[in-house]
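Q: Attaching a single structure in structure tokens format; questions to follow.
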Amino acid sequence: SQMLAFLTLCEAGDNIVAAGELYGGTHAQLKNLLPSLGIDVQFFDVAKPYTLESCINDKTRAVFLETLANPSYTIPDFERIARITMRHEVPLVVDNTFGMCGYACRPLKYGANIVVASCTKWIGGHGNTIGGIIVDGCNFNWGVKGADGKPKYPKLAAPCTSYHGINFWEEFGPSGPLKANMAFIFHARLSGMRDMGACQNPFGSFMLITGLETLSLRCRAQSENANRLAAKLAAHEKVSWVSHPSLIGHPSHKLAK
């Protein structure tokens with residue numbers, strides 16, 4: 001899902017600024033795959049939001065981070081980072097997999113524009129289906145122009161040659177017939193997913209919908225168990241180090257609360 005999001009936002013010559021602490025597979029995707037497609041990626045220290053500003057330039061098309069950095073559990077200062085991305089007119093994209101797909105954290109409330117997540121970890125919850133989701137916050141101006149006066153996001157705000165010449169921002173933006181800011185998600189669905197084939201099979205969809213029925217029960221139990229386990233290990237004489245945001249000594253404890 002995040003690859004679909006990136007390719008909807010970026011073209012060759014563009015760049016993404018991403019948090020330095022990421023899930024290994026995501027880091028490999030950003031470090032190797034995207035550059036091979038002509039999309040550059042710079043990394044910043046998510047624990048030091050002020051380092052983000054200097055990484056953004058005229059070709060930056062997204063800032064990407066995770067709700068909980070893997071594996072340190074560093075929690076971003078979403079609101080501070082969102083203020084920076086808003087100032088530069090760049091969308092904030094958040095992988096909310098470790099936010100339990102909305103149970104533990106809802107990044108859209110703190111300034112995110114697009115949320116992606118793996119369905120496998122918590123929505124499914126049983127490791128029997130692979131899937132991903134994109135949630136469009138419908139809160140970003142895709143018609144924004146760059147310093148050269150041209151659309152920053154030509155896939156969304158210029159005629160789409162691969163889809164009958166439609167201008168998605170005009171057709172599916174606030175001024176379109178639907179009166180809704182849905183240009184991004186419509187393009188991702190109608191063009192990106194069509195071309196990449198990253199669609200969910202019917203039985204996989206059924207398994208994920210079934211998993212949703214117990215999402216809140218599982219997430220609550222897992223959170224309570226993790227908090228108790230972290231406290232127990234932190235107090236054990238033979239354990240030298242425990243990293244968990246529920247512990248008072250964790251650098252992100254206040255943000256977690």
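The values are calculated or read from the model by the stated rules, or taken from the named source; none is laboratory data. This structure is a prediction, so every number in the text was calculated from the model and none was measured. Cβ atoms come from the backbone with ideal geometry, glycine included; neighbour counts cover every protein chain shown.
Q: Select from region 144-166 the residues that are more than 16 Å from Glu11 (Cα to Cα), touching a helix residue (DSSP H, G or I) at 6+ places or on another chain (Cβ under 9 Å) and of a type outside the set (A, V, I, L, M, F, W, C) and list them in ascending order.
A: Tyr163
Q: Scan region 74-92 and give yes if some residue there is in contact with a helix residue (DSSP H, G or I) (Cβ under 9 Å, 6 or more places away or on another chain), modelled with pLDDT of 95 or more and of a type in the set (S, T, N, Q), otherwise no.
A: No, because not a single residue in region 74-92 is in contact with a helix residue (DSSP H, G or I) (Cβ under 9 Å, 6 or more places away or on another chain), modelled with pLDDT of 95 or more and of a type in the set (S, T, N, Q).
Q: Test of understanding: among Thr120, Thr97, Thr129, which residue is without any contact (Cβ under 8 Å) to a residue 24 or more places away in the chain and of a type in the set (Val, Ile, Thr)? Explain how you work it out, then say what you get.
A: Numbers: Thr97 fails: without any contact (Cβ under 8 Å) to a residue 24 or more places away in the chain; Thr129 fails: without any contact (Cβ under 8 Å) to a residue 24 or more places away in the chain.
None of the other options fit; the residue is Thr120.
Q: Please go through region 21-48 and pick out each residue that is of a type in the set (A, V, I, L, M) and either within 19 Å of Leu7 (Cβ to Cβ) or free of Cβ contacts under 8 Å to residues at least 60 places away in the same chain (or both).
A: Hits for region 21-48 are Leu22, Ala28, Leu30, Leu33, Leu34, Leu37, Ile39, Val41, Val46.
Q: Please tell me if Leu22 is assigned by TED's automatic domain parsing to the domain that holds Met86 and either polar (S, T, N, Q) or assigned to a helix (DSSP H, G or I) (or both).
A: no
Q: Hey, another quick one. I'm trying to understand the selection: among the residues of region 131-140, which are over 14 Å from Phe206 (Cβ atoms) and part of a loop (DSSP other than H, G, I, E, B)?
A: The answer is Gly137, Cys138, Asn139, Phe140.
Q: Inside region 102-130, can you point out the residues that are assigned to a helix (DSSP H, G or I) and among the small types (Gly, Ala, Ser)?
A: Residues satisfying the conditions are Gly102, Gly124.
Q: Just the residues that are in a helix (DSSP H, G or I), over 30 Å from Ile123 (Cβ atoms) and either in contact (Cβ under 8 Å) with a residue 40 or more places away in the chain or of a type in the set (A, V, I, L, M, F, W, C) (or both), please, taken from region 49-83.
A: Cys55
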